[in-house]
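Please read the structure below before turning to the comments.
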Amino acid sequence: MASSSSRSRAAARRSPRAAPRQQPPPLPAGRPVLAPFAAVFGVLVAVEYLWLAWLLRDPEVATSWAVAVPAVLAVLALAGAVLVVLGRARAWVLLAVVGFVLVLSLPGTAVLFGALGLGAVAGQALLLLAGPVGCLVLAVRRPVREWTRPARATRAPERGRRTQRTG
């Protein structure tokens with residue numbers, strides 16, 4: 001009796017050619033429409049931080065930590081807004097972080113004012129959430145992230161530069 005064919009047990013034959021490599025996604029042609037809007041909301045977040053610093057100031061004390069922290073966060077928000085417009089690497093992260101910190105602090109402020117019996121002020125603090133939420137939502141969108149990704153900022157090769165030979 002003839003033995004069964006060994007072909008059925010062998011692995012499928014593979015092609016000697018290499019599989020085609022997938023091309024990376026194309027780089028954005030220009031600044032996306034969402035980048036300036038994210039920057040505007042970043043400026044709004046900076047204004048809200050400055051307003052919070054103004055509320056926390058004490059005229060009798062020269063400079064307090066309660067004023068310095070929101071002021072530094074306002075400067076970071078302004079820097080993030082400028083860097084997003086310019087398309088610098090990972091600028092969206094800075095803008096998202098300062099927006100997230102304000103998203104976390106405003107509800108706490110509203111709860112504090114509500115506990116003190118200042119319902120109108122607590123409502124105003126909740127209305128201020130529109131700025132940081134808008135900043136956070138726009139900063140993490142794909143077009144803004146791709147606009148500020150590190151691979152986009154590649155240098156052109158320098159021509160005319162000589163390499164130094166040794167030996």
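The values are calculated or read from the model by the stated rules, or taken from the named source; none is laboratory data. For clarity, every value in this text was computed on a predicted model and none was experimentally measured. Because the Cβ atoms are built from the backbone with ideal geometry, glycine has one as well, and the counts that use them run over all protein chains shown. Please note that ligands, DNA and RNA were not included when accessible areas were found on the heavy atoms of the full protein model with its side chains. Shrake-Rupley method; radii C 1.70, N 1.55, O 1.52, S 1.80 Å.
Listing for the model above:
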read-out	value
Residues with amide H under 5 Å from that of R149, placed H, sequence gap 5 or more	R90
Rounded accessible area of T63 (nearest 10 Å², 1.4 Å probe)	110
Karplus 3J(HN,Hα) series, Hz, for region 69-78 with 6.51 cos²θ - 1.76 cosθ + 1.60 (x for Gly, Pro)	5, x, 5, 5, 5, 5, 5, 5, 5, 5
Where trypsin sites (Lys or Arg not before Pro) fall in DSSP loop in region 52-154, at most 15 other Cβ within 10 Å	R57, R90
Estimated inter-spin distance, V137 and R21, nm [label 7 Å along Cα→Cβ]	4.0
